[in-house]
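Take a look at the structure below.
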Amino acid sequence: MTLRKSPSYVMVSLLTIAAMGLAGCHHDTRAYQPPVAPSYPSPASGAGSRGADTSVGAVRVPEFTPVIPADASLLSSEVGLASWYGPNYNHGRSANGEVYDQDGMTAASRTLPLGAIVRVTNLASGEVAVARITDRGPFIPGRIIDLSLGAAKAAGLYRIGVGKVRVEAFELAGAVVPPAKWCVQIGAFMDPDDALQMKNDLKRRYGAANVISFKGPTGSWVRLTLPVPDKEPSAEVAATVRVPDPGVEAYVTRTN
């Protein structure tokens, strides 16, 4: 007599065999890990003197910093407030065309020539940073220089954000400094339409001037450059600008 297996018995047997097969297979339960992003390159060797300490807190201090040659002459000295700028601008384009590296020893000034070397002394602590002017700013009343994150750490300003400093600018021996060119920069407008209206108003008032508007990390800006871009007439134009928006100012800024 032949025994016939019930359909349910056959199904249980098949499931048992399948489970045994799976038990013999390796199953990787680890979560997917994306590849590590490449690190941003450090400044090239030979860019300046080698620093002793290359890390302060959680932010890297650049290994190479600018130096002030012994034959450099003092160009100017000014006391005022310094601040710093970093993540929102990092890897963006600086005024001199370079890519901004927040860990580099650079700074922004409205009045000093691009490429100038500055010594920034924290008047409260005596800490010093030597940096190169590569950008324009700060566009906040009362401040005279905006340091990169790396320079702010060297000057002891990273944690406090804003501090009183002495800024000494040096002219390198043999350097050819072109005549200064100036413009009027107005902003930052939170509403782009307000910037556009200001641009059109200035075009009507100063028909021969070059007037542009552009966007930045903090809002929209308007820049006016006179046919003869001298400082005095630019300052006269800036003095006539009236903007009802709080926080919007007109700044006389060097362009080269």
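Summary table
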item: Subset of region 70-127 (residues that are farther than 22 Å from Leu157 by Cβ and among the polar types (S, T, N, Q)); result: Ser73, Asn96
item: Every residue from region 123-143 that is crowded, with 20+ Cβ neighbours inside 10 Å and outside any loop (DSSP other than H, G, I, E, B); result: Ala129, Val130, Ala131, Arg132, Ile133, Thr134, Asp135
item: Selected residue (criterion: farthest from Pro246 (Cα to Cα)) from residues of region 179-219 that are more than 25 Å from the chain's Cα centre (by Cα), buried (at least 17 other Cβ atoms within 10 Å of the Cβ) and aliphatic (A, V, I, L, M); result: Ala209
item: Residue match in region 236-253 (condition: surrounded by 15 or more Cβ atoms within 10 Å (Cβ to Cβ) and among the acidic types (Asp, Glu)); result: yes
item: Out of Glu168, Glu236, sole residue that is assigned to a strand (DSSP E or B), modelled with pLDDT of 95 or more and either under 27 Å from Thr121 (Cβ atoms) or not basic (Lys, Arg) (or both); result: Glu168
item: Candidates Val237, Val252, Val176, filtered to the one that is over 24 Å from the mean Cα position of the chain (by Cα), of a type in the set (Val, Ile, Thr) and under 23 Å from Ser77 (Cβ atoms); result: Val176
item: Condition met for Ala107 (out of contact with any Lys or Arg (no Cβ under 6 Å at 6 or more places or on another chain) and at pLDDT below 95); result: no
item: Single residue of Gly104, Gly80 found to be of a type outside the set (A, V, I, L, M, F, W, C) and assigned to a loop (DSSP other than H, G, I, E, B); result: Gly104
item: Within region 181-205, considering residues that are in a loop (DSSP other than H, G, I, E, B) and at pLDDT below 95, the one nearest to Ile133 (Cα to Cα); result: Met190
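The values are calculated or read from the model by the stated rules, or taken from the named source; none is laboratory data. Nothing here was measured: the structure is a model prediction, and the numbers come from that model. Neighbour counts are summed over all protein chains in view; Cβ atoms, including those assigned to glycine, are modelled from backbone coordinates with ideal geometry.
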